[in-house]
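Accompanying notes for the structure given below.
The values are calculated or read from the model by the stated rules, or taken from the named source; none is laboratory data. Note that the structure is predicted; figures quoted are calculated from it, not measured. In this analysis, Cβ positions are derived from the backbone assuming ideal geometry, glycine residues included, and neighbour counts consider all displayed protein chains.
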Amino acid sequence: MGAAKMRPPCFTMSHEGTRGLGGRFGATLCVLCVALTCQLAPLPTRASCLPRAALDFGGRAPFVPREATESIRVMQSRIDALLRAPRLDSRALAALYAVQAQSYSALELDAQARESALKGLPLAPSLVDPLQVDLLIAYADNVYDATDINRVIETLQAARAAQQKPSAADICLLITLGRLQFRQDHAAQAVASLTQAYRASMTPALAAQQVAAASALSTVLRNVGDFQQALALNQEVVDWDTAHDASLDLSISRYLRGRIFAALHNYGQAIEEYSSSRQLSTVLDDSQGIAFADMSTCEAQIELGQLAHARPQCQNAARIFTSSHSNNAFKQTQALLARIDLAQGRADQALNTLNQVLDHAGTDMPPRQAAPNYYLRARSEGALHDYGLAYEDLNQYVQRYTAENELDRTQQVAVLRARFDTDHEIERNATLERELALSTERLQLRKQELRWTVVIIALAAFILVMLTGMLIANRRHRRELLRLARLDGLTGLPNRRRTGELATAAISSAAVAARPVTVALIDLDHFKVINDRCGHAVGDHVLTEFARLGRDVLRASDTLGRWGGEEFLLILPDTGLDTALTVIQRMRSKAATVQLPATARGLQVSFSAGLATRTKIVQSLNEIVASADAALYEAKNGGRNLIRLDRDTYRTAESNVLRALYGGIGTVES
């Protein structure tokens, strides 16, 4: 499958995001981004297009596990056994290499797929041998170099000439040819080949080949803007994969369905499809599938303004792409993270990321993907007052936009003509002629709009110089005021007011969902002694280190806030006492690692804590904090470096928690 799921992120900007460069220019960019989202993906490949019966060797077809990862392991084990055998069974070995190549391809491991296919091809040299065809398809599906694609297309055409027509082998080769033509950006040729394959396979005996053609054709039609037809073809594929329990293929078809909804700006439905695809990829241990689902979910959440949810999705995708050396997909994900940073006011971080994305001036990515990256970098540079570089990047964007717009016009006209020539059976000639005329009219309007866009860009550049500085300074001041109003200046933790808000929200949510929530009031032991003996600088160091180390052991949903002085409030949503005790114990261990100067001889950083949970009696924040404070008072009076429960929490605690309280973690009964 190669990079079958490798789709570029859409760089459509919200009204707020385009306001600084003029509303009309922002709208034009959104039009471009829809085109970008729809035009770059290589076509998906599926499990072997040929029926397994055609690949039988001596009545012993190779066993294929349902998961691609397990299939690779099983096939390699059987290959090793055959290679050790006294007499080599060449046909059996070729079949095993074919299955192994398809499994690697399904996991987007292109180089390994090509290597396995090349090992098997000499073992089944006849062009009419289904094994030769299967291995050739597996190799072709994982070729992306332009020179190699041309060579492989010639080989595919020679193989087609040797096949009977119509036959499964001929149709599978034609589908593969269509995928490579699209990979060459010859969308019209791809439509012609895939439509021919789809029509030729409209018989019950060739149903699997028809689904394979529908899958590839759906992606091409999506990329040339025929979204409704793309959805209809994709639904055929989803229904087939569901009925045949083809989990890996279903994960791909669900993902591609999400891409169609995203192109239609139906981001909520797109996220649902990505989620379904990700669940299947997780079961199948398909890390690349998970990464692409996360990247596209991140993109959709950005479009919906859900930046806080989007960032972890993109970060996980970037981590997987880095480990698998998927450079283009990694750069797409980095560009999405830059969008989030820019939207959240971190223009310097966004610019640094985009400089890495464009480190080869866009030559290492599809031209349509490079254009919005230049625009995004111009916005980042403008936010940092570097208007000269911003203007240069805007010019780069306009030049690339103009060139791709012309290519888009030519390609769409060619595709419509190809569909007109190949779609005789469904008698859509008159409709296609109207589509062609409308498409030409729309493209002329887009050219006129582009001319206006160039004028607006020139005007916007002057306005940008005058207004951006004032706008950014004002936003920066507002962000700083908001930050100061919510964060403690020394530790960087939420201050008392913000901590109270977060705690109240967590308690309310727990009440609605009938879920537990545990609150701990933490007080650093002997802090005044440390301050008096070592100085306030050491005391500040202890507070900041405790805050840093404490955050390290918490979940994203947990909150550690500075309650006052050396007191901290810890809120643990969806957490019972046993888990809360484990968390606080880890914090105690971390606190003990804080280094003190020689003047603090005999002292060690530790803390006492009082725990309370929400009960029918104790429900409000003030009540819970009061209960925790009472437990903390007992911990302090009990000798410090202790954890105590308030009385209501103690009465409801489970036996294993009570055993832990007596079991040597420094805690005694309430």
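Here are some notes:
- Scanning region 550-589 for residues that are of a type in the set (A, V, I, L, M) and farther than 19 Å from His526 by Cα gives Val553, Leu554, Ala556, Leu560, Leu570, Ile571, Leu572, Leu577, Ala580, Leu581, Val583.
- Condition met for Phe546 (under 18 Å from Glu501 (Cα atoms), touching a residue at least 12 places away in the same chain (Cβ under 8 Å) and either in contact with a strand residue (DSSP E or B) (Cβ under 8 Å, 6 or more places away or on another chain) or not in a loop (DSSP other than H, G, I, E, B) (or both)): no
- Among residues of region 236-252, those that are polar (S, T, N, Q) and either without any contact (Cβ under 8 Å) to a residue 12 or more places away in the chain or buried (at least 20 other Cβ atoms within 10 Å of the Cβ) (or both), counted: 2
- Within region 175-189, being over 16 Å from Arg160 (Cα atoms) and assigned to a helix (DSSP H, G or I) holds for Phe182, Arg183, Ala187, Ala188, Gln189.
- Lone qualifier among Asp523, Asp532 - being touching a Leu at 6+ places or on another chain (Cβ under 9 Å) and among the charged types (D, E, K, R): Asp523
- Test: Ala503 is more than 23 Å from Arg640 (Cβ to Cβ), assigned by TED's automatic domain parsing to the domain that holds Thr615, small (Gly, Ala, Ser) and crowded, with 18+ Cβ neighbours inside 10 Å: yes
- Those helices (runs of 4 or more DSSP H) lying entirely in region 567-664 with at least 2 residues at pLDDT 90 or above and crowded, with 20+ Cβ neighbours inside 10 Å: 577-591, 621-637
- Screening Ala111 on (1) at pLDDT 80 or above; (2) closer than 22 Å to Ala246 by Cα; (3) within 24 Å of the chain's Cα centre (by Cα) shows it passes everything except condition (2).
- Among residues of region 117-150, those that are in a helix (DSSP H, G or I) and within 17 Å of Cys49 (Cβ to Cβ), counted: 14
- So His309, is it in contact with a helix residue (DSSP H, G or I) (Cβ under 9 Å, 6 or more places away or on another chain) and not in a helix (DSSP H, G or I): no
- Among the residues of region 126-138, the one identified as among the charged types (D, E, K, R) and surrounded by fewer than 24 Cβ atoms within 10 Å (Cβ to Cβ) is Asp129.
- You will find that of Val553, Val594, the residue that is more than 31 Å from the chain's Cα centre (by Cα) and of a type outside the set (Asp, Glu) is Val594 and no other.
- Residue list for region 139-173, restricted to those being under 27 Å from Asp364 (Cβ atoms) and either of a type in the set (A, V, I, L, M, F, W, C) or buried (at least 21 other Cβ atoms within 10 Å of the Cβ) (or both): Tyr139, Ala140, Asp141, Asn142, Val143, Ala146, Ile149, Val152, Ile153
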